[in-house]
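The values are calculated or read from the model by the stated rules, or taken from the named source; none is laboratory data. Remember, predicted model here, so these are calculated numbers, not experimental data. Here the Cβ positions follow ideal geometry from the backbone for every residue, glycine too, while neighbour counts run over all protein chains shown.
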Protein chains: 2
Amino acid sequence: MRPQSDSNNPRDLPSGENLDRDARALYDALNQLIRVHQFRDRDRICGYDLSVAQCYALETLVHQGPLRLQGLASEMYLDKSTASRVVDALVRKGHVDRVADPVDRRAALIRPTVQGEALYQTIRADLIAEERAMLEGLTPDMRQAALTLIRQLTQAAHRRCGPGPGTLSSVEDET
Amino acid sequence: MRPQSDSNNPRDLPSGENLDRDARALYDALNQLIRVHQFRDRDRICGYDLSVAQCYALETLVHQGPLRLQGLASEMYLDKSTASRVVDALVRKGHVDRVADPVDRRAALIRPTVQGEALYQTIRADLIAEERAMLEGLTPDMRQAALTLIRQLTQAAHRRCGPGPGTLSSVEDET
DNA sequence: CATTTACGTTGCAGGTACCAACTAAGCTGC
DNA sequence: GCAGCTTAGTTGGTACCTGCAACGTAAATG
């Protein structure tokens, strides 16, 4: 439906024509990247007796501080019932605990335990080591560019993804 | 908490020190990106009465042509039993079919039906439109750079993580 | 031909996910 | 204060995804 104006030099086009082609390429590339990371993370995290969802929840709690269940669910794009069960599992394993919210006795604040925080840091260090290995083949310039681009892509996707309840904004950290 | 070797000048270091920091940043950025995409894909694909795994299988079959179950499982980093069930679902929905392998009567070749191929193209077009919208804010140069980097990251991760659970073949590493 | 190996399916167990229904607690209106 | 509604979280039910183990069948090997 979008005819490639191949009569002209395809490199000089003002970013209108190649957009489709780049979009296709990006879709495929991102697909690959996401799948590889997904499975790598899963296998690696399972070695620590955590599921991926549990690890994600723990990570969210470590980063965002104590959260109510609803907040955690929003942050994870999950139903509150699913979040509840994930928290159950983490409580059973001793990685988080529920404390009564002082201002609302219906609510419970969920926060990582010392053990949970330590476990998360261990896993994080492990995964970061993987990223580190991947980055070793890139020049510092390229690494910076990669970061910038990935963040922009995330921002764009997040904006479009629409009503993200918690609006996770934990992207910006050390410069 | 990581001991920064601050006794030295951090600006002159030959990319050894900043590597850690970049690795951390990459981990976080990739995390965000993957999550956003994951949920976006899930919601979007579910609108077509396909699960993500089913869509991934269909995509693999469309891209790679007819595959045996084992090949599909390897491609998806899944156990063959899981792949079998995913294929079951796709067969039930009429998106793929199994044909007997002419040279091996144990095996079955799985291939998309016309309907399955059409469905995949529809979904793909939909998802690509999303990527396209995301790319609109980037310059052509940045888009190219993003592609290159994402592919390199994928390559690196793929090399490191190796094949998934269901894979027994295709990894002859002679030690 | 018997054994071994490979392909795929099925049984089992556990995780993930949603919706809907439920309990408990807060908040309104009277 | 107590109905009645809303909100926070839990639980039941259902369905899917996933891997491991155990099969049946077919090919390969001796």
Looking at A:G65, is it more than 9 Å from DNA strand C (Cβ to nearest atom), at pLDDT below 90, within 20 Å of the chain's Cα centre (by Cα) and small (G, A, S)? yes
Residue hits (the stretch B:86-95; surrounded by fewer than 21 Cβ atoms within 10 Å (Cβ to Cβ) and touching a helix residue (DSSP H, G or I) at 6+ places or on another chain (Cβ under 9 Å)) are B:A89, B:K93, B:G94
Out of B:D88, B:D141, B:D101, I need the residue that is within 16 Å of DNA strand C (Cβ to nearest atom), charged (D, E, K, R) and farther than 23 Å from B:R44 by Cα. Which one? B:D101
Just checking, does the stretch A:117-126 include any residue being within 13 Å of DNA strand D (Cβ to nearest atom) and modelled with pLDDT of 85 or more? no
How many of the residues making up the stretch A:87-132 are closer than 15 Å to A:V62 by Cα, of a type in the set (A, V, I, L, M, F, W, C) and either without any contact (Cβ under 8 Å) to a residue 24 or more places away in the chain or touching a Pro at 6+ places or on another chain (Cβ under 9 Å) (or both)? 9
Scan the stretch B:131-143 for residues that are within 20 Å of the chain's Cα centre (by Cα) and more than 11 Å from A:L153 (Cβ to Cβ) and jot them down. B:R132
Check on A:Q64, of a type outside the set (A, V, I, L, M, F, W, C) and surrounded by 15 or more Cβ atoms within 10 Å (Cβ to Cβ): yes
Can you name the residue in the stretch B:106-135 that is among the acidic types (D, E) and more than 7 Å from chain A (Cβ to nearest Cβ) and, of all such residues, is surrounded by the fewest Cβ atoms within 10 Å (Cβ to Cβ)? B:D126
Among (1) modelled with pLDDT of 90 or more; (2) near DNA strand C (Cβ under 9 Å from one of its atoms); (3) more than 19 Å from the chain's Cα centre (by Cα), there is one condition A:D79 misses while meeting the rest; what is its number? (3)
